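Heads up, the thing below is written out as structure tokens.
The values are calculated or read from the model by the stated rules, or taken from the named source; none is laboratory data. Note that the structure is a prediction, hence the values are computed from the model and not measured. All Cβ positions, glycine included, derive from the backbone under ideal geometry; neighbour counts span all protein chains shown.
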């Protein structure tokens, strides 16, 4: 990873490496450990934290709300997502208010539509724009949008105010590289990669056993998991939010963000797990 931050289309600076929180907060017996993981990340300089109202029905947001107490809110970059069925005039304002209450803050840095639903994009965009004007959110974006979805979004009034698209992206799932990533780059919309570690390799079992991954890990003195993160961050238009409920893993992710893969190392990984040469519809978990 070269740059630590990326400039969004509205001028905001967003960290390129953050902490994901899917599944965190769902088991109160792990509360202390997960809180410690988040605080260790913040203490080490990670400012970006991603969550969603869906995660544990708000319990992930509540965990973060507790973890960030005592820190300078202005230094943090908080992201949450709204359910598609809540992303219209009738429910989005109430949804956001609950999210802010859970996070114990009065604004979000970024609010995302979690995936497409039945509410017209034009209505959702109007609501997002109103929330920006009210100061409740600083910016908005989308998640799980494929290329055609992005084109449709940009065709509605103010749809081009979308600042990021969060999608599944890791070494073993590279379909976005065929057309989505180039389209996003052309329109100055960073790709925010969730599950960049392929859920600790569970999404593709052979990733961590790959001789290419192991060799790059050996060269840099890092773990195969850190290689997966370094691969995703190799492209400058990509943000990554690996999830971890353990402090040691959060700090390992931070170190992986400092790894600079050479062109040759990237090529070796690319050859081992090549990107598709035709359109592959968006991979979602």
### Message
If I ask for residues that are over 15 Å from the mean Cα position of the chain (by Cα), surrounded by fewer than 20 Cβ atoms within 10 Å (Cβ to Cβ) and modelled with pLDDT under 95, which ones from region 12-29 would you list?
### Response
26, 27, 28, 29
### Message
With the requirement that a residue be touching a helix residue (DSSP H, G or I) at 6+ places or on another chain (Cβ under 6 Å) and part of a strand (DSSP E or B), what does region 127-164 give you?
### Response
137, 140
### Task
Would you check if there is a residue in region 58-74 being buried (at least 19 other Cβ atoms within 10 Å of the Cβ), touching a residue at least 12 places away in the same chain (Cβ under 8 Å) and farther than 17 Å from residue 26 by Cβ?
yes
### Summary
Of (1) free of Cβ contacts under 8 Å to residues at least 24 places away in the same chain; (2) surrounded by 23 or more Cβ atoms within 10 Å (Cβ to Cβ), residue 186 satisfies every one except (2)
### Query
Of all residues in region 1-38 being without any contact (Cβ under 8 Å) to a residue 40 or more places away in the chain, part of a loop (DSSP other than H, G, I, E, B) and touching a helix residue (DSSP H, G or I) at 6+ places or on another chain (Cβ under 8 Å), which is farthest from residue 256 (Cα to Cα)?
26
### Task
Tell me which of these residue 52 doesn't satisfy, since it passes every other one: (1) closer than 19 Å to residue 127 by Cβ; (2) surrounded by fewer than 20 Cβ atoms within 10 Å (Cβ to Cβ); (3) out of contact with any helix residue (DSSP H, G or I) (no Cβ under 6 Å at 6 or more places or on another chain).
(2)
